[in-house]
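The values are calculated or read from the model by the stated rules, or taken from the named source; none is laboratory data. Owing to the predicted nature of the structure, the values given are computational and were not obtained by experimental measurement. When we count neighbours, we look across all protein chains shown, and the Cβ atoms used for this are built from the backbone with ideal geometry, even at glycine.
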Amino acid sequence: MARERTILHCDMDAFYAAIEQRDHPQWRGKPVVVAGLGARGVVSTASYEARKFGVHSAMPTAQARRLAPDAIYVFPRMSCYVQVSQQIRAIFDRYTPLVEPLSLDEAFLDVSASRELFGDGVAIAQKIQKDVADTTQLTVSVGVAASKFVAKVASDLNKPNGVTAVPSGREIEFLSELPISRLWGAGKVTEKRLAGLGMLTIADLQRWTVEDLSLAIGASAAEHFYQLAHGIDPRPVDTDRDAKSIGREVTFDTDIRDDEECASVLLTLSESVGRRMRSEGVRGKCIKLKLRYPPFETLSRQRTLDAPTHDDLVIYRAALELLETARPTGKPVRLLGVSVSDLGSGAIERQSTLFENPRSSARKEHLLKALDKIKDKFGDGAIGHGKPDSGASTGRS
């Protein structure tokens, strides 16, 4: 007989902003917004004090400033956040080897085999909270359930520093009173469409058969929403997720249509991915683009380079070419993501191509290191690449 699963979703509370408030005691209790501060800057994290003004992640910084003009705006300090994330990951590893990191500030843990040693899911969640607080002076909210989806929904319902447990078999009841927006993939367009069919809460959707849903919204979306609405999510915790690729994505609260804005977001994502690759000493050959159209159409496209790279602009150009091929001009975009896989050592040696100038390659490496040092000291928004010509061999900085 299979062991009943116990899955935790651990989600750090306002992670970047909480670190800034921890490291700057004078900012505690005040609205703090961690964001890119340029003309196209985007909010990474807002403290709970800032969220009261309507500021949230993925919002343009200019809009955040209009909502909260007196908030404290700071550049992200990614090297610091990565270091704290590594401390938190070490805590997770004390309780189970089955850890699937989703980002620097959240992860799934399968603690099914850990219960005899550490207690039930709630007990383990509380131990993790204490360890995180003792080690980092930060708080983490935890959802406990038999599936990844339900655990993730649960972790968001009692923030900050909460533990929300959903007993196995009670998933339908737990989900029923929540709004449709809690279902993965239910953006504003989908919400409006489902509302037109009389579905405002998950309970409303639960009363539909999958066959009737298929007639109303299509077979793929119907199966997806039906399964989630009933708490069905058999996916295992993927312990190889962090080793397979390095990536970053952003979901937009308002769909974007402008081609230049899409390209600008891709450049920011590519810079973030390249910088993390260099910090971890790896290069990769496979560039992957993730693209989501409203309401629920997700595409992925990838290409393999001739040689491994950790160069922001090489990653960006490949991702931009994939975007231009996959997306019709002006089509609205809900999500963009860039990742690099087929990873190897950053010190990997390769034969220079016939027309490659070794001095030029060395200068490029020095430039990337210099950019990283400046960002480490002054934050991600302090400097970046100018928007390059997609066909050029080098970029402006």
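Among the residues of region 28-55, what is the count of those that are touching a Ser or Thr at 6+ places or on another chain (Cβ under 8 Å), surrounded by fewer than 19 Cβ atoms within 10 Å (Cβ to Cβ) and at pLDDT 95 or above?
Matching residues across region 28-55 total 1.
The conditions are (1) part of a strand (DSSP E or B); (2) surrounded by fewer than 18 Cβ atoms within 10 Å (Cβ to Cβ), and Glu261 fails exactly one of them. Which is it?
(1)
Which ones in region 208-238 are in the same structural domain as Gly185 (by TED's automatic domain parsing), assigned to a loop (DSSP other than H, G, I, E, B) and loosely packed, with under 12 Cβ neighbours inside 10 Å?
Scanning region 208-238 gives a single hit, Thr209.
Exactly one of (1) modelled with pLDDT of 95 or more; (2) touching a helix residue (DSSP H, G or I) at 6+ places or on another chain (Cβ under 6 Å); (3) within 23 Å of Tyr48 (Cα to Cα) is unmet by Arg182. Its number?
Going through (1) modelled with pLDDT of 95 or more; (2) touching a helix residue (DSSP H, G or I) at 6+ places or on another chain (Cβ under 6 Å); (3) within 23 Å of Tyr48 (Cα to Cα) one by one, Arg182 breaks only (1).
Which condition does Lys30 not pass, out of (1) touching a residue at least 40 places away in the same chain (Cβ under 8 Å); (2) touching a Pro at 6+ places or on another chain (Cβ under 8 Å), if it passes all the others?
Going through (1) touching a residue at least 40 places away in the same chain (Cβ under 8 Å); (2) touching a Pro at 6+ places or on another chain (Cβ under 8 Å) one by one, Lys30 breaks only (2).
For Val163, state whether it is buried (at least 16 other Cβ atoms within 10 Å of the Cβ), β-branched (Val, Ile, Thr), touching a helix residue (DSSP H, G or I) at 6+ places or on another chain (Cβ under 9 Å) and touching a residue at least 12 places away in the same chain (Cβ under 8 Å).
Yes; evaluated as a whole, the condition is true for this residue.
For residues that are free of Cβ contacts under 8 Å to residues at least 24 places away in the same chain and assigned to a loop (DSSP other than H, G, I, E, B), scanning just region 69-99, find the one that is surrounded by the most Cβ atoms within 10 Å (Cβ to Cβ).
Thr96
Has region 137-158 got any residue that is without any contact (Cβ under 8 Å) to a residue 24 or more places away in the chain, surrounded by fewer than 21 Cβ atoms within 10 Å (Cβ to Cβ) and assigned by TED's automatic domain parsing to the domain that holds Gln21? Break it down stepwise before answering.
Residues of region 137-158 without any contact (Cβ under 8 Å) to a residue 24 or more places away in the chain: 157-158.
Subsequent filtering for residues that are surrounded by fewer than 21 Cβ atoms within 10 Å (Cβ to Cβ) retains 157-158.
So of that shortlist, the ones also assigned by TED's automatic domain parsing to the domain that holds Gln21 come out as 157-158.
There is at least one residue in region 137-158 that is without any contact (Cβ under 8 Å) to a residue 24 or more places away in the chain, surrounded by fewer than 21 Cβ atoms within 10 Å (Cβ to Cβ) and assigned by TED's automatic domain parsing to the domain that holds Gln21.
So if I check each of Val153, Val142, which one is in contact with a Gly (Cβ under 8 Å, 6 or more places away or on another chain) and assigned to a strand (DSSP E or B)?
Val142
Kindly provide the set of residues from region 159-207 that are within 23 Å of the chain's Cα centre (by Cα), more than 30 Å from Gln126 (Cβ to Cβ) and outside any helix (DSSP H, G or I), ordered by number.
Answer for region 159-207, where residues must be within 23 Å of the chain's Cα centre (by Cα), more than 30 Å from Gln126 (Cβ to Cβ) and outside any helix (DSSP H, G or I): Gly185, Ala186, Gly187.
If we keep just the residues of region 77-123 that are over 19 Å from the mean Cα position of the chain (by Cα) and among the basic types (Lys, Arg), which is nearest to His24 (Cα to Cα)?
Across region 77-123, the extreme among qualifying residues is Arg94.
Looking at Asp259, Asp204, Asp233, can you tell me which residue is out of contact with any strand residue (DSSP E or B) (no Cβ under 6 Å at 6 or more places or on another chain) and over 25 Å from Lys152 (Cα atoms)? First the steps, then the outcome.
Details: Asp204 fails: over 25 Å from Lys152 (Cα atoms); Asp233 fails: over 25 Å from Lys152 (Cα atoms).
Result of the check over Asp259, Asp204, Asp233: Asp259.
Report yes if Ser300 is modelled with pLDDT of 85 or more, of a type in the set (Ser, Thr, Tyr), assigned to a helix (DSSP H, G or I) and under 23 Å from Glu321 (Cα atoms), otherwise no.
no
For region 239-256, name all the residues that are loosely packed, with under 15 Cβ neighbours inside 10 Å and either among the hydroxyl-bearing types (Ser, Thr, Tyr) or over 27 Å from the mean Cα position of the chain (by Cα) (or both).
Those that are loosely packed, with under 15 Cβ neighbours inside 10 Å and either among the hydroxyl-bearing types (Ser, Thr, Tyr) or over 27 Å from the mean Cα position of the chain (by Cα) (or both): Thr251, Thr254.
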